[in-house]
1. Which condition breaks for residue 27 when tested against (1) among the hydroxyl-bearing types (Ser, Thr, Tyr); (2) more than 13 Å from residue 88 (Cα to Cα); (3) out of contact with any Phe, Trp or Tyr (no Cβ under 7 Å at 6 or more places or on another chain)?
2. Does the range 6-30 hold any residues that are under 20 Å from residue 65 (Cβ atoms) and of a type outside the set (Phe, Trp, Tyr), and which are they?
3. If I filter the range 29-44 for residues that are outside any strand (DSSP E or B) and loosely packed, with under 13 Cβ neighbours inside 10 Å, do I get at least one hit?
4. Can you work out which of the residues in the range 45-57 that are more than 15 Å from the chain's Cα centre (by Cα) and modelled with pLDDT of 95 or more is nearest to residue 6 (Cα to Cα)?
5. Checking the conditions here, which among 19, 11 is in contact with a strand residue (DSSP E or B) (Cβ under 9 Å, 6 or more places away or on another chain), surrounded by fewer than 12 Cβ atoms within 10 Å (Cβ to Cβ), modelled with pLDDT of 95 or more and not hydrophobic (A, V, I, L, M, F, W, C)?
6. When residues of the range 32-82 are filtered for being aliphatic (A, V, I, L, M) and either in contact with a Ser or Thr (Cβ under 9 Å, 6 or more places away or on another chain) or under 21 Å from residue 93 (Cβ atoms) (or both), how many remain?
7. Please enumerate the residues belonging to the range 49-64 that are touching a Gly at 6+ places or on another chain (Cβ under 8 Å) and surrounded by fewer than 17 Cβ atoms within 10 Å (Cβ to Cβ).
8. Check 18, 13 and return the single one that is of a type in the set (Asp, Glu) and assigned to a strand (DSSP E or B).
Amino acid sequence: MADVRPIPWERIDVGSDDRTLTVFFTSGIEPCYVLDHVDDRYGASAVTITLYEGHDPAAGKVACIEIAMFKYVKVILDEPLAGRKLVDGAKPKN
């Protein structure tokens, strides 16, 4: 993808295995808004989840309507969440 940038997520559901996350976010339509990758960073008290989105340069010059879509992505953590807080890596730190 091109022009990849972090985007915020809205909520995360944690699976019963404590490793499978369903990350819900709002985005636009493809090929103008495409999820590129998800980054997960582990700390002692928190796991930071960052979604990265861009556009598909292979689509050429296209026009996409500006409409919000609810989307989700499944993420499997390398280790259990184990009570740690989930942090959105796209939101500014206070």
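The values are calculated or read from the model by the stated rules, or taken from the named source; none is laboratory data. A quick note: this is a predicted structure, and the numbers were derived from the prediction, not measured. Every residue, glycine as well, gets a Cβ built from its backbone with ideal geometry; the counts of neighbours run over all protein chains shown.
1. For residue 27, the failing item is (3).
2. Filtering the range 6-30 for residues under 20 Å from residue 65 (Cβ atoms) gives 7, 25-30.
Result: 7, 26, 27, 28, 29, 30.
3. Yes: one or more hits.
4. Of the residues in the range 45-57, the ones more than 15 Å from the chain's Cα centre (by Cα) are 45-46, 56-57.
Pick out the ones that are also modelled with pLDDT of 95 or more and you get 45-46, 56.
Details: 45: 22, 46: 19, 56: 16 Å.
Top of the filtered list is 56.
5. 11
6. The number of residues fulfilling the criteria is 15.
7. Hit for the range 49-64 is 64, nothing else.
8. Details: 18 fails: assigned to a strand (DSSP E or B).
Exactly one residue qualifies, and that residue is 13.
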